[in-house]
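First up is the structure itself, then whatever we jot down about it.
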Amino acid sequence: MPIDIRALRYFVETARLKSFTQAASSLYVTQSTISKMVKQLEDEVGQPLLIREGKSVRLTDVGRVVYDRGQEALGVVHRLTLEVADLSSLGRGQLTVGIPPMVNLFFSPAVSAFRKRYPNLQLTLSEHGGQVVEQQVANGELEVGATVLPGDTGLALETRQFAKYPIWAVGPHRAAWASGRTVTLEALRDEPLVMLTDEFSLTRKLRQAFLEARIEPQVVAQSGHWDFLASMAAAGLGTTFLPEPLLKRLETRDKLAVARLTEPTMDWALAHIWSPGRYLSHAARAWLEVCEEVMG
């Protein structure tokens, strides 16, 4: 049985004040409007709700039930309105952001700024490879995330780049390419490689580059942890690939040879992603705004 919420509100106010006239004054409408809406509600319910006694009214048995439940329903609507307004002003709520593990170190300043600005908004960082994050955003599991460009063009996601760094080859000092400051993919044709697992966007980018160069990469090991890749390279297992910012964080830097990857020159471009055809919550938009301010 559909019930007009406005008719319910007018009826509850009339029953509370026991007067059509006072209800009209309280709701800033005409008495005829009140009478019309109460009659509409009675027609929807199918029974009389009020008994008119001169200038006053009293509830029927059915009217008492509708009045009690009507107060509850209007209370729910009122709380909903307040909560939506509260969320709109970011007073509270929650947001989950998808971030690849290799990218998370860039977000510490943004997370700190976001928490200071919106202390009552719960922020969760969900760590997965870039391809997984892209799929979750496209499916609506996540509102926003971050990935390495280029993303999967078939998902038609909106992107906003916030950083770009060159990619470096990292390997043992005895590697054939270790004497130069740069290294080409061709020079790595027969080199053993240790790479991130295939769910990572950087691996997707490298595999595509090898394919275009008609080189079959000699991958001997894969891991989802960049520091473990560096340790394997330092142990002489093979050459790996890391974006420039991570080189400074290597504890085994003195045990490694590094050279910038060229021919082709490859960059590690980071971007926020979201679905252009889907509504972004106030929290998601606030996250993007804070990241824009802090990270550029």
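The values are calculated or read from the model by the stated rules, or taken from the named source; none is laboratory data. Note that the structure is predicted; figures quoted are calculated from it, not measured. Using ideal geometry, Cβ is built from the backbone for each residue, glycine included, and neighbour counts are taken over all protein chains shown. When the accessible area is computed, the model is the full protein with side chains, heavy atoms only, and any ligands, DNA or RNA have been set aside. Shrake-Rupley method; radii C 1.70, N 1.55, O 1.52, S 1.80 Å.
Quick rundown of the values:
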read-out	value
The chain: most fluctuating residue of LYS55, LYS205, LYS248 per GNM, C-alpha cutoff 10 Å	LYS55
Lysine pairs meeting the criterion (Cα under 20 Å, 8 or more apart or interchain), as found in the chain	7
Phi to ³J(HN,Hα) by Karplus 6.51 cos²θ - 1.76 cosθ + 1.60 over region 22-31, Hz, x for Gly, Pro	5, 5, 4, 5, 5, 9, 6, 10, 7, 5
Electrostatic dipole magnitude of the chain [Cβ: Lys, Arg +1; Asp, Glu -1; Cα centre; debye, to 20]	1020
Fully extended contour minus Cα-Cα distance, from ARG174 to ASP61, at 0.36 nm per residue	31.4 nm
Per-residue [θ]222 nm for the chain (sum of -39500 (n - 2.57) over DSSP H runs n ≥ 4, rounded to 500)	-13000 deg cm²/dmol
For region 92-295, share of DSSP beta bridges that run antiparallel, in % to the nearest 5	55
Selection from PRO172, LEU202, PHE11, by position along the positive dipole direction of the chain (Cβ)	PHE11
Cβ-placed point charges (K, R +1; D, E -1), dipole of region 5-75 about Cα centre in debye, nearest 20	240
Cα long-axis angle, helix 5-17 against the chain (0 to 90 degrees, to the nearest 10)	50
Gaussian network model of the chain, Cα within-10 Å springs - most flexible of SER108, SER25, SER126	SER25
Surface share of carbon and sulfur [accessible, 1.4 angstrom probe, percent] for the chain	50
Gain on full stretching of the segment that runs from ASP4 to THR265 - 0.36 nm per residue minus C-alpha separation	87.5 nm
Long-range HN-HN contacts of ALA257 with modeled amide H, under 5 Å	GLY171, HIS173
Cut-off under 5 Å, modelled amide H: who pairs with THR182 long-range	ARG260
Residues with amide H under 5 Å from that of THR96, placed H, sequence gap 5 or more	THR124, GLU143
Fraction of alpha-carbon pairs over 31 Å apart in the chain - percent	52
Hz values of 3J(HN,Hα) by residue in region 188-200 - Karplus curve (6.51, -1.76, 1.60), Gly and Pro given as x	9, 3, 10, 7, x, 10, 10, 10, 4, 5, 5, 6, 7
Inter-label distance, nm, simple model (7 Å from Cα along the C-beta direction), ARG278/ASN104	2.2
Alpha-carbon centroids, region 254-296 and region 98-141: separation in whole Å	11
Longest site-free stretch - the chain; sites: chymotrypsin sites (Phe, Trp or Tyr not before Pro), DSSP loop, at most 10 other Cβ within 10 Å	29-278
Residues ALA213 and LYS164, FRET efficiency given R0 of 25 Å [Cβ-Cβ distance, rounded to 0.05]	0.70
Å² of accessible area per residue within region 161-209, as computed with a 1.4 Å probe and no ligands counted	47
Most mobile listed residue (ARG207, ARG58, ARG249) in the chain, GNM with C-alpha springs under 10 Å	ARG58
